[in-house]
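Since the structure comes first, as structure tokens, the remarks are kept for the end.
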Amino acid sequence: MARTLVTESGVRQVQRRTVALLSAAQVFGGIGTGATVSIGSILAVELSGSSVWAGAVATVMTLGAALAALPLAALADRRGRRMGQLVGLSSALAGTAMIILAVVAGMFVLLVLGAVAMGIGNAASLQARFAAVDLADPERRGRALAAVVWAVTVGAVAGPNLIQPGTVVGQTLGLPPVAGPFVIAAAGLFLAIVLLFAGLRPDPLLFARELAARQAAGGGHGPLPAGASPGVLPTRKDGGGSLVRGLRAARQSRQALLGLAAVVGAHAVMVGVMSMTPLHLQDLVVGPGASHAGHSASSDVLVIIGFTISLHIAGMFALSPVMGWLTDKAGRTETIMIGYSTLIIAVGVAGFGQSSTVSVAVGLVLLGLGWSAATISGSTLLAESVGAESRVVVQGVSDMLMGAAGAVGGAISGLILSAAGYLGLNLAGGLVGAVVLTAAAVSLMARRQASASGSVRG
């Protein structure tokens, strides 16, 4: 490694390049997620022949992400961020190929397997935000993380809107039109893999550890990055952490449990409603029972679905810096309450306005905003409410449970949609939101009563 890289300017140069590469990779890699989310439920119904399986794609994607979270983290811990990212994105690339084959061959099983592989890629994308702060100075850590999150927004929002161009690509290649968007997604993932393979050198995590070791040995070569102290970036010995250990640490604090409930509940509601919205929009535009009759979605319907999901994803990520600011200024618990209040309003607008594409779109935007507020504030509260020695394990458990909640929400949502309709699905989401909102309000009142000085903040 060149001597200049261990000077202050050298470390900052590596950090800037790292953030730029991760951001670019997230833009290209996020296209596949947006496309899969937008038309996954429609493909599931067409290939399976039953609306009962409508939530299968969202379910297995989130389940795949949940199951891959700790293994990918353990891999990155042993081999560096670059390896963890490459394995995750390569899995997603294989997933797009399986989905294309599923459409061509009409095989529902291949669609499910492809969605699982896409979920593994999603887990890697989530972990990219941690790679952005390995070498960051303390005062720039938030901006580095926010840059990668915003890049996720660009890719994920662009994905659904490539559905119509994708149909042209599919027809040009002699494929079914609905397979075209996944060809574009595969090209984006390939570019992301090439960028990270060639450019993410030195690896930010391994480089940070090298600097920490030199600092500890008295080498004094340049500044020690904020995330690189020996106590912050240890090499994991337990294969990524223990579910039991993480839950035990979380149970020791009521605030940690509230933060965990906020993150898990918001994700379950968001995935449940969002994953069934494309199917509802298809029935709304084409006619009641269109998806149940096995009709293929027209290009006009796909455009409406893509635009709606794009707005929803923008609501999830585009205002994340604002939600972080609100979490710091208004308070953790207070922002959780704001997030869940927004979620309840969102399902009300979408559910009771189910006959209008505009109302559904507005509801989906509010759903994204509520998820953003609840997730950011809940994650912050969780991290602050456990000891430093357990923080990484608890955060890993949080990611796993978040993914599992999304998987359960996606699975149950198809059954609820079949039995109670789109309104019933939204009302079920509102019930979950009301439970967590009540718990947050009780916690806030209890803390205010217990602290006359009012110095303890949620």
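A compact table of results
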item	result
Which numbered condition ALA212 misses (of (1) small (Gly, Ala, Ser); (2) modelled with pLDDT under 85; (3) not in a helix (DSSP H, G or I))	(3)
ARG129 vs. criteria at pLDDT below 75 and under 14 Å from GLN85 (Cα atoms)	yes
Flag if VAL148 is in a helix (DSSP H, G or I), under 30 Å from LEU211 (Cα atoms) and modelled with pLDDT of 70 or more	yes
Residue check for ALA314: under 20 Å from PRO181 (Cα atoms), surrounded by 24 or more Cβ atoms within 10 Å (Cβ to Cβ) and modelled with pLDDT under 85	no
Verdict on GLY272 being under 19 Å from the mean Cα position of the chain (by Cα) and modelled with pLDDT of 80 or more	yes
Answer from ALA407, ALA441, ALA420, ALA434 - the residue that is at pLDDT below 85 and either aliphatic (A, V, I, L, M) or in contact with a Leu (Cβ under 7 Å, 6 or more places away or on another chain) (or both)	ALA407
Filter pass, ALA94 being out of contact with any His (no Cβ under 8 Å at 6 or more places or on another chain) and under 23 Å from PHE317 (Cα atoms)	no
Some residue of the range 23-33 being at pLDDT 85 or above, among the aromatic types (Phe, Trp, Tyr) and part of a helix (DSSP H, G or I)	yes
When residues of the range 101-111 are limited to those that are part of a helix (DSSP H, G or I) and among the small types (Gly, Ala, Ser), the one surrounded by the fewest Cβ atoms within 10 Å (Cβ to Cβ)	ALA105
Some residue of the range 386-402 being at pLDDT 85 or above, within 14 Å of the chain's Cα centre (by Cα) and assigned to a helix (DSSP H, G or I)	yes
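A quick yes/no check of all residues on (1) assigned to a helix (DSSP H, G or I); (2) farther than 22 Å from GLY406 by Cβ; (3) out of contact with any helix residue (DSSP H, G or I) (no Cβ under 6 Å at 6 or more places or on another chain):
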| position | (1), (2), (3) |
| --- | --- |
| ARG17 | yes, yes, yes |
| LEU21 | yes, yes, no |
| GLU46 | yes, yes, yes |
| THR59 | yes, no, no |
| LEU67 | yes, no, yes |
| PRO71 | yes, no, yes |
| LEU89 | yes, no, no |
| ILE99 | yes, no, no |
| LEU113 | yes, no, no |
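This table checks each residue for (1) buried (at least 24 other Cβ atoms within 10 Å of the Cβ); (2) in contact with a Phe, Trp or Tyr (Cβ under 7 Å, 6 or more places away or on another chain); (3) among the hydroxyl-bearing types (Ser, Thr, Tyr).
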{"position": "ALA74", "(1), (2), (3)": "no, no, no"}
{"position": "GLY80", "(1), (2), (3)": "no, no, no"}
{"position": "GLY84", "(1), (2), (3)": "yes, no, no"}
{"position": "GLY88", "(1), (2), (3)": "yes, no, no"}
{"position": "THR96", "(1), (2), (3)": "yes, yes, yes"}
{"position": "ILE99", "(1), (2), (3)": "yes, yes, no"}
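The values are calculated or read from the model by the stated rules, or taken from the named source; none is laboratory data. Quick caveat, the model's predicted, so the values are computed rather than measured. Positions of Cβ are backbone-derived with ideal geometry, glycine not excepted, and every protein chain shown enters the neighbour counts.
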